[in-house]
Amino acid sequence: MQTKAGDPGAFSGFDLSRVPTPAFVVDEVAVRRNLEILADVKARSGVKILAALKAFSMWSLAPLVSEYLDGCCTSGLWEARLAAEKYSGEVETYSPAYKAEDMAEIFTLSDHVIFNSPDQIARFSGDADKARAAGHSFDIGLRINPEMPLGEVEKYDPCQAHSRLGFPVSQLKPEHLHGVSGLHFHTLCEQDFVPLRTTWERLYPQIRDILPDLKWINLGGGHHITRADYQRDLLVDFLTQIREDTGLEVYLEPGEAIALDAGILVGEILDVMDNGMKVGITDISATCHMPDVIEAPYRPAMLGEKDQGAQIRLGGPSCLAGDIIGDYVLPVPMEAGQCVAFLDQAHYSMVKTNTFNGVPLPSIWLWNSENDALHCVREFDWTEFRDRLS
């Protein structure tokens with residue numbers, strides 16, 4: 001998978017030795033810049049934009065996010081709790097499947113509860129009735145699958161064959177929408193405007209006749225709206241047209257776009273060896289700190305990497321043979337104690353970290369690239385590893 005980001009921005013002047021390693025450093029100025037772009041799209045198109053916590057849930061920045069966006073979309077009970085506790089605005093909750101014991105609280109916390117199938121809506125209708133009788137107000141939504149795969153990597157494509165994400169639109173019938181206020185679809189992954197338009201051109205004729213009975217439609221996430229080459233004017237015109245054609249409230253829920261190119265992951269080279277090529281072992285683990293490197297897979301961009309020179313393979317400290325970050329031409333000669341940093345690591349990497357093999361979690365730092373203020377938001381010790389086990 002070819003990552004679409006990797007602009008160093010102000011990090012090109014950041015002194016990596018200022019933070020202990022491993023460490024995430026997030027530039028709040030870059031986050032605000034992304035939010036300003038999203039707010040501009042929102043204002044010009046008249047849509048609502050929710051922050052996808054699954055991609056970026058650094059809640060120390062919740063006041064900043066809440067200043068610009070309309071709320072959060074969440075992926076289950078725990079994210080819904082975080083949204084309700086730390087963020088302002090609407091809370092939307094969607095999960096491919098819910099546990100029965102979670103539903104009472106989810107209905108309490110959420111403004112929109114989106115289900116993955118009509119069967120789930122029917123199964124939990126009694127819980128919804130009880131919540132409403134207790135004074136809670138919320139809409140019910142249904143996620144549909146447009147059955148139009150456009151993703152670069154099949155396993156990251158919600159429309160892949162036999163996908164579990166969304167009710168196939170080819171099976172949708174009017175009776176499936178009893179009690180439903182809106183439709184949701186999410187088909188993109190790190191993509192620009194054209195795949196969204198293509199999806200809608202195919203989907204709209206299939207759902208046009210049922211839209212007058214609804215209140216809203218949610219176009220999901222995966223939109224790289226804040227990327228420099230994204231066609232934002234076309235997006236604004238498109239969203240405006242959807243609102244005019246359907247008469248519905250329109251939602252977007254970007255995740256990566258909020259933190260795109262806003263954070264780095266800093267690490268230290270712990271040892272250097274030669275096994276047919278130079279190999280550097282770092283305190284950054286692809287397995288524990290950047291799992292998408294292995295899952296996608298993709299090669300994260302390095303801060304200051306040179307275009308030419310001898311490549312060096314970098315890998316993590318875990319015992320997993322596949323804990324390999326990639327091959328790089330380092331900005332300085334490689335030696336133990338040297339710091340390196342990988343770009344565009346604020347989204348997904350931070351929320352996916354784990355302590356496999358007892359590898360420590362990176363600390364989290366907030367930097368202001370305008371005034372150079374830097375402070376530690378969170379540090380972790382070995383009890384994070386101990387206390388999740390038994």
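Going through (1) touching a residue at least 24 places away in the same chain (Cβ under 8 Å); (2) within 18 Å of T187 (Cα to Cα) one by one, Q160 falls short only on (1).
Would you check if I217 is in contact (Cβ under 8 Å) with a residue 40 or more places away in the chain and β-branched (V, I, T)? Spell out how you get there, then give the answer.
Values: in contact (Cβ under 8 Å) with a residue 40 or more places away in the chain: no; β-branched (V, I, T): yes.
So I217 does not fit the description; no.
A residue that is more than 20 Å from I264 (Cα to Cα) and in contact with a strand residue (DSSP E or B) (Cβ under 7 Å, 6 or more places away or on another chain) cannot be found anywhere in the range 317-329.
Inside the range 1-94, counting only strands (runs of 3 or more DSSP E) that do not spill past its ends, which hold 2 or more residues that are under 27 Å from L109 (Cα atoms)? Give the derivation first.
On the way: elements: 23-27, 71-74, 90-94.
Fully inside the range 1-94 and qualifying: 71-74, 90-94.
Of all residues in the range 311-370, exactly one satisfies the criterion of being under 13 Å from D283 (Cα atoms) and among the acidic types (D, E), namely D323. Close contacts from the range 64-84, counting a first residue that is within 24 Å of E249 (Cβ to Cβ) and a second that is open to solvent by 40 Å² or more (accessible area, probe 1.4 Å) and polar (S, T, N, Q), with Cβ to Cβ under 7 Å and a gap of 6+ residues or different chains, come to S66/S88.
Enumerate the strands (runs of 3 or more DSSP E) found wholly within the range 275-390, keeping only those where 2 or more residues are at pLDDT 95 or above and open to solvent by 60 Å² or more (accessible area, probe 1.4 Å).
Details: elements: 278-282, 312-315, 324-328, 339-343, 363-367, 374-378.
In the range 275-390, 374-378 are the strands (runs of 3 or more DSSP E) which contain 2 or more residues that are at pLDDT 95 or above and open to solvent by 60 Å² or more (accessible area, probe 1.4 Å).
The values are calculated or read from the model by the stated rules, or taken from the named source; none is laboratory data. Please read all numbers here as calculations on a predicted model, not as lab measurements. Cβ: placed from backbone, ideal geometry, glycine included. Neighbour counts: every protein chain shown. SASA here: full protein model, heavy atoms, side chains in, ligands and nucleic acids out. Shrake-Rupley method; radii C 1.70, N 1.55, O 1.52, S 1.80 Å.
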